[in-house]
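Peer 1: To start, I am sharing the structure in question, which I have written as structure tokens.
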Amino acid sequence: VQLQAYGGGLVQAGGSLRLSCAASGRTFSGYVMGWFRQAPGKEREFVGAIRWDGGTTFYAGSVKGRFSISRDSAKNTVYLQMNSLEPEDTAVYYCAARRDFGLWTSELEYPYWGQGTQVTVSS
């Protein structure tokens, strides 16, 4: 299982970005896909997750209502749409995968990871 996250960049506060996580090597039916982020000097934290089958999502409280996760089965890609970005959202964002139906929030539960993509929100 290989994951590749991309789409990060520099954006002003209040702006939007959409991150993508392209998956190769297999289809992801039966998997849950998670997004995490790590800010400088902080531990990596859960952002949200989506169950590939059915599209059920779950979000951290800090991003709920601003971020949304979706997936495109034809492209084997998961998206993280980030709106109303705040400087506190500045971090390296990672996508991860686990063969399961649970919406796991701990990074320890995800065995497959993509490389991170930097998101910087200026004030």
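Peer 1: With charges only on Cβ, +1 for K and R and -1 for D and E, what is the dipole size of the stretch 1-112 about its Cα centre, in debye, rounded to 20? Walk me through the numbers before you get to the answer.
Peer 2: Details: 12 positive and 10 negative charges, 56 e Å.
In debye, rounded to 20, the stretch 1-112 gives about 260.
Peer 1: Tell me whether the stretch 7-58 comes out rounded, prolate or oblate; compute the Cα gyration tensor, take square roots of the eigenvalues as a ≥ b ≥ c, and use a/c under 1.5 as the rounded threshold. Show your work: numbers first, answer last.
Peer 2: Details: a/c = 2.01, a/b = 1.71, b/c = 1.17.
It comes out prolate by the Cα gyration axes.
Peer 1: Is the shape of the chain best called rounded, prolate or oblate, per the rule: a/c under 1.5 gives rounded, else a/b larger than b/c gives prolate, else oblate, with a ≥ b ≥ c the square roots of the Cα gyration tensor eigenvalues?
Peer 2: Numbers: a/c = 1.68, a/b = 1.61, b/c = 1.04.
Prolate, because a/c is 1.5 or more and a/b exceeds b/c.
Peer 1: Rounded to the nearest 0.05, what FRET efficiency do D100 and K42 have when you use their Cβ-Cβ distance and R0 = 30 Å? Don't jump to the answer; show the numbers that get you there.
Peer 2: Values: r = 26 Å, r/R0 = 0.87.
Result of the calculation: an efficiency of 0.70.
Peer 1: With a 1.4 Å probe and all protein chains in place, put R66, R44 in order of accessible area, largest first. Working shown, then result.
Peer 2: Working: R66 35, R44 70 Å².
Highest to lowest solvent-accessible surface, that is R44, R66.
Peer 1: At a probe size of 1.4 Å, how large is the accessible area of L10, to the nearest 10 Å²?
Peer 2: 130
Peer 1: Which value, in Å² rounded to 10, gives the accessible area of D100 with a 1.4 Å probe and all protein chains present?
Peer 2: For D100, the solvent-accessible surface is approximately 40 Å².
Peer 1: Using a 1.4 Å probe, how large is the accessible area of V63, given in Å² and rounded to the nearest 10?
Peer 2: 0
Peer 1: Turning to a different aspect of this structure: Under 1.5 on a/c is rounded, so check that first for the stretch 82-123, then, if it is not, pick prolate when a/b is larger than b/c and oblate when it is not; a ≥ b ≥ c are the square roots of the alpha carbon gyration tensor eigenvalues. Let's see the in-between values first.
Peer 2: On the way: a/c = 3.33, a/b = 2.18, b/c = 1.53.
The shape class here is prolate.
Peer 1: For the stretch 95-119, list residues with backbone N below 13 Å from a point placed 7 Å from the Cα of R26 toward its Cβ?
Peer 2: 97-101, 111-113
Peer 1: Further question on the same structure: Rounding to the nearest 20 debye, state how big the charge dipole of the stretch 19-60 is about its Cα centre with +1 on each Lys and Arg Cβ and -1 on each Asp and Glu Cβ. Don't skip to the answer; put the middle values down first.
Peer 2: Numbers: 5 positive and 3 negative charges, 15 e Å.
Roughly 80 debye, rounded to the nearest 20.
The values are calculated or read from the model by the stated rules, or taken from the named source; none is laboratory data. Values in this document were obtained by computation on a predicted structure and should not be read as measured data. Reconstructed Cβ throughout: ideal geometry from the backbone, glycine too, with neighbour counts over all protein chains shown. Remember, those area values only see protein heavy atoms, side chains included, never the ligands or the DNA or RNA. Shrake-Rupley method; radii C 1.70, N 1.55, O 1.52, S 1.80 Å.
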